[in-house]
Amino acid sequence: MRDHSRWIDQTPMSDPAGYAPRLSDLPADIAVLQRVIQGLLVHSEWLTEYGLDPTRLRGVSRETLPVAQRLANILALDAQPLHVTRAPERRAVGTCRDFALMLCAMLRSKGIPARVRCGFAAYFHTGWEDHWVCEYWDRATQAWRLSDPQLDAIQQRLCHVAFDTTDVPRDAFVTAGQAWLDCRANRVDPNRYGHGDVTGLWFVQVNVMRDHYVINNRETSVWDSWRAAPSSMRIVKDADIVRLDAVAAAPERPFVAVTPDWLA
């Protein structure tokens, strides 16, 4: 029997701290928890679709917050129980990682092994978009499954999503390591992977390292500073290929801290 206990204990980022009783009040059903989260958060890049004015929230930080701090912000906006769906203007603004981290915290509070994963989704644009989801251990089938709690009814309709968002197909979301291996084997053009206009093998490298960090229970890392990298440093060095191949193939391997060149 495989030991998944390392993904049951809360981390400093996923720990709800004093808000643990609030999570205890919620059911363990994945679909229900997704709906709860969708009633608490709104994605910073989808504000218009929810009737919100992006110019009023221009100063909102993209920084991923610890769950305890996120819950404090949510309850400061609206003190009702977490299962009560807030109007969009009364939800906290976050990113895909905040959605995934919140679900991860909720599942861990139920004793369900869960972890955040960094990779690429095929359901937002024509290529593979930088994205974060939650991966949880399904004891019934003895398998890891992907859940995307960001995909509510509005986004499912606009993105033409027909699959079960509590069991995202592995050909709709690929982990960063799989994306790297596909690029290295010439199965996929690296320029199909990225974030906005930043694409290519260099960005895949960034996500390989971010996934290695997060699967080792470090949900944020120095690699999140990729926007600060000048164009001259957005390359993959030949000397790094072997290390990246190894991390991509086994992101759960013992954690190795690596400082990006632009921060060295």
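Derivation of every value follows stated rules applied to the coordinates shown; laboratory data play no part. Computed from a predicted structure; not experimentally measured. Please note: Cβ atoms are built from the backbone with ideal geometry, for glycine as well, and neighbour counts cover all protein chains shown.
Hey, rough spin-label estimate for Asp9 and Ala28, points 7 angstrom out along Cα→Cβ, what's it come to in nanometres?
2.1
Net charge within 15 Å of Asp29 by Cβ-Cβ distance, Lys/Arg positive one each and Asp/Glu negative one each, not counting Asp29 itself?
Values: positive: Arg35, Lys110, Arg139, Arg145; negative: Asp25, Asp138, Asp164, Asp167.
Around Asp29, the charge tally is 0.
Classify the chain from the C-alpha gyration tensor, please: rounded if a/c falls under 1.5, else prolate or oblate depending on whether a/b exceeds b/c.
Prolate, since a/c reaches 1.5 and a/b exceeds b/c.
What are the DSSP H helices in the chain that stretch 18 Å or more along their long axis, judged by alpha-carbon atoms, and whose average Kyte-Doolittle hydropathy comes to at least -1.0?
Details: long enough: 96-109 (20 Å, 0.95); 201-215 (21 Å, 0.63).
Counting only whole DSSP H runs, the qualifying helices are 96-109, 201-215.
Which part of segment 188-213 falls in the paramagnetic zone of Arg253, meaning amide N under 19 Å from the point 7 Å along Cα-to-beta-carbon?
202, 204-213
Round to a whole angstrom and tell me the spacing of the C-alpha centers of segment 210-238 and segment 137-156.
What the calculation gives is 25 Å, centre to centre.
Say R0 is 51 Å: what FRET efficiency, to the nearest 0.05, do Gln69 and Ala185 get from their beta-carbon distance?
0.80
Which order results if Glu219, Glu129, Glu252 are arranged by neighbouring Cβ count within 10 Å, fewest first?
Neighbour counts put them in this order, fewest first: Glu252, Glu129, Glu219.
What number, rounded to the nearest 500 deg cm²/dmol, is the helix-based mean residue ellipticity at 222 nm of the chain, given -39500 (n - 2.57) per DSSP H run of at least four residues and division by all its residues?
Per the formula, -8500 deg cm²/dmol.
Rank the residues Tyr50, Tyr193, Tyr213, Tyr19 as a footprinting-exposure proxy: fewest other Cβ atoms within 10 Å of their Cβ go first.
Values: Tyr50 15, Tyr193 27, Tyr213 23, Tyr19 20.
Going from least to most buried by this count: Tyr50, Tyr19, Tyr213, Tyr193.
If I model a spin label at Ala17 and Thr126 as a point 7 Å from the Cα along the Cα→Cβ vector, what separation in nanometres do I get?
Modelled inter-label distance: 4.6 nm.
What is the fewest-to-most order of Phe99, Phe173 by other Cβ atoms lying within 10 Å of their Cβ?
Exposure proxy ranking, most exposed first: Phe173, Phe99.
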